[in-house]
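All remarks here apply to the structure that follows.
The values are calculated or read from the model by the stated rules, or taken from the named source; none is laboratory data. Because the structure is predicted, anything quoted here is derived from the model rather than measured. FYI the Cβ positions are ideal-geometry reconstructions off the backbone, even for glycines, and counts take in every protein chain you see.
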Amino acid sequence: MEANIATRVTDQPGDIDLLRRMREAREALEAEIGRRIVGQRDVIQGLLITLLAGGHALVVGVPGLAKTTLIATLAETLQLRFNRIQFTPDLMPSDITGTEVLEEDHETGRRVFRFVHGPIFANVILADEINRTPPKTQAALLQAMQEGEVTVGNETFRLQQPFFVLATQNPIEHEGTYPLPEAQLDRFMMELRIDYPNFEEETTIAALTTGETVEEIRPVLSAEELKALQGLVRRIPAPPSLIEASVRLARATRPTDADAPEFIRRMVAWGAGPRASQYLVLAAKARAALDGRPIPDLEDVRAVAPDVLRHRVVPGFEAEAAGRSADDLIDELVQAILV
């Protein structure tokens, strides 16, 4: 039965060509981004998976690892409207969503309220250092990220699609920061970790960034093309065994679940919710599509599991005492569940 599932996507007119276009677009996007960003292939792939799946991504790394440059460069490769919001402690919700202003109608002399759109009314939002602003302002993103709309006063405004929030966060500074609440973290499809470059990569970075030329980035995808590729990802069928494995993996992170491994019950305080299993399946489909494959497999789930689960699994006291991070627990869990 599952063997027949793989051929269903080819029954849709034009889907074979879209799969080919998907792979070509991936190669072109990676090439354009590589003109400014050295290495970080896993992070770039995670961002592309997030975009194709219609999700949002949280990019975490210490200062100086080009988090902002990476996201801004990705936005340049897409013919989409891009806004950067620098989050600061004094930022207010209206600074993001927009506000109503009172102005006079010169023809009638009457004063009327007019809504001035905020920077969130764009296709790609770079929420820079999102943990530097208070929870009241962070919450202004919740409705936009989940429902794709913004409510100001008694009026609701739809956001133009596609819509992505790509946020950055510095993991080593805690003074004057506000950790994202679990409800908002769960809105992010992936948490992508950027690590230090190796010696060869850092040597290349030092050479590229100290010259007088700035690499120009060529747009690769338009909004309509991106929406077509997103539709293809949704149409790609997932085998029942893959869906069941994704659900088992997400449920196994919960210490109260009857099927959770013993080390999860001891070391995890809080596990992933149902949104995690949805994102595991969707990310696996997007990863397969990026490779030009018409159907995902368990290897795709294994590959995306750390990025999808790490911000949804909260280690308990025993894990902290043993020096085990969420990534350590997820790696062990993947080995135990996805055999």
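Residues satisfying the criterion are present in the stretch 85-101 (criterion: surrounded by 15 or more Cβ atoms within 10 Å (Cβ to Cβ) and either within 30 Å of Glu30 (Cα to Cα) or of a type in the set (Lys, Arg) (or both)). If you go through the stretch 265-277 and pick out every residue that is under 20 Å from the mean Cα position of the chain (by Cα), buried (at least 19 other Cβ atoms within 10 Å of the Cβ) and either among the basic types (Lys, Arg) or assigned to a helix (DSSP H, G or I) (or both), you end up with 2.
Scan the stretch 71-101 for residues that are out of contact with any helix residue (DSSP H, G or I) (no Cβ under 7 Å at 6 or more places or on another chain) and hydrophobic (A, V, I, L, M, F, W, C) and the total you get is 4.
Taking (1) part of a helix (DSSP H, G or I); (2) crowded, with 21+ Cβ neighbours inside 10 Å; (3) modelled with pLDDT of 85 or more; (4) not charged (D, E, K, R) in turn, Ala28 satisfies each apart from (2).
One residue is enough: does the stretch 58-67 have a residue meeting the conditions closer than 24 Å to Leu159 by Cβ, out of contact with any Gly (no Cβ under 8 Å at 6 or more places or on another chain) and buried (at least 20 other Cβ atoms within 10 Å of the Cβ)? Yes.
Could you list, in sequence order, the residues of the stretch 193-211 that are among the hydroxyl-bearing types (Ser, Thr, Tyr), in contact (Cβ under 8 Å) with a residue 40 or more places away in the chain and assigned to a loop (DSSP other than H, G, I, E, B)? Spell out the reasoning first.
Step one: list which residues in the stretch 193-211 are among the hydroxyl-bearing types (Ser, Thr, Tyr), which gives 196, 203-204, 209-210.
Now restrict to residues that are in contact (Cβ under 8 Å) with a residue 40 or more places away in the chain: 196, 204.
Selection gives Tyr196 alone.
Of everything listed in (1) closer than 29 Å to Leu290 by Cα; (2) part of a helix (DSSP H, G or I); (3) without any contact (Cβ under 8 Å) to a residue 60 or more places away in the chain; (4) not polar (S, T, N, Q), the single unmet condition for Val214 is (2). Among residues belonging to the stretch 223-264 that are part of a helix (DSSP H, G or I) and acidic (Asp, Glu), point out the one that is farthest from Asp327 (Cα to Cα). If we take residues in the stretch 223-264 being part of a helix (DSSP H, G or I) and acidic (Asp, Glu), then Glu224 is farthest from Asp327 (Cα to Cα).
Filtered by the rule that a residue be in contact with a Leu (Cβ under 7 Å, 6 or more places away or on another chain) and without any contact (Cβ under 8 Å) to a residue 40 or more places away in the chain, the stretch 123-143 gives no residues.
Return the pairs, sorted by first residue and then second, in which the second residue is crowded, with 24+ Cβ neighbours inside 10 Å and polar (S, T, N, Q), the first residue lies in the stretch 271-298 and is under 18 Å from Pro239 (Cβ atoms), the beta carbons are less than 6 Å apart, and the residues are 6+ apart or on different chains. Once the first residue is under 18 Å from Pro239 (Cβ atoms) and sits in the stretch 271-298, its partners that are crowded, with 24+ Cβ neighbours inside 10 Å and polar (S, T, N, Q) give Ser277/Ser246; Leu280/Ser246; Val281/Ser246.
Within the stretch 260-275, is there a residue that is out of contact with any Asp or Glu (no Cβ under 9 Å at 6 or more places or on another chain), within 18 Å of Met189 (Cα to Cα), among the small types (Gly, Ala, Ser) and not assigned by TED's automatic domain parsing to the domain that holds Asp186? No - not one qualifying residue is present in the stretch 260-275. Within the stretch 56-69, restricting attention to residues that are out of contact with any strand residue (DSSP E or B) (no Cβ under 7 Å at 6 or more places or on another chain) and among the small types (Gly, Ala, Ser), the residue that is nearest to Met189 (Cα to Cα) is Ala66.
All conditions in (1) touching a helix residue (DSSP H, G or I) at 6+ places or on another chain (Cβ under 7 Å); (2) without any contact (Cβ under 8 Å) to a residue 12 or more places away in the chain hold for Glu104, with the sole exception of (1). For the stretch 149-158, does any single residue satisfy the condition of being touching a residue at least 12 places away in the same chain (Cβ under 8 Å), in contact with a His (Cβ under 6 Å, 6 or more places away or on another chain), closer than 27 Å to Leu51 by Cα and of a type outside the set (D, E, K, R)? Taking every residue of the stretch 149-158 in turn, none turns out to be touching a residue at least 12 places away in the same chain (Cβ under 8 Å), in contact with a His (Cβ under 6 Å, 6 or more places away or on another chain), closer than 27 Å to Leu51 by Cα and of a type outside the set (D, E, K, R). Of all residues in the stretch 181-192, those that are assigned to a strand (DSSP E or B) have Cβ atoms under 9 Å from Cβ atoms of residues that are surrounded by fewer than 18 Cβ atoms within 10 Å (Cβ to Cβ), 6 or more apart or on another chain, in Glu191/Leu185; Leu192/Asp42. For the stretch 215-228, indicate whether the set of residues that are over 30 Å from Ile16 (Cα atoms) and not β-branched (Val, Ile, Thr) is non-empty. For the stretch 215-228, residues over 30 Å from Ile16 (Cα atoms) and not β-branched (Val, Ile, Thr): present. Taken over the stretch 104-161, the criterion of being acidic (Asp, Glu) and within 24 Å of the chain's Cα centre (by Cα) is satisfied by Asp128, Glu129, Glu147, Glu149. When you look at Asp259, is it acidic (Asp, Glu) and closer than 17 Å to Ala336 by Cα, yes or no? The answer is yes for Asp259.
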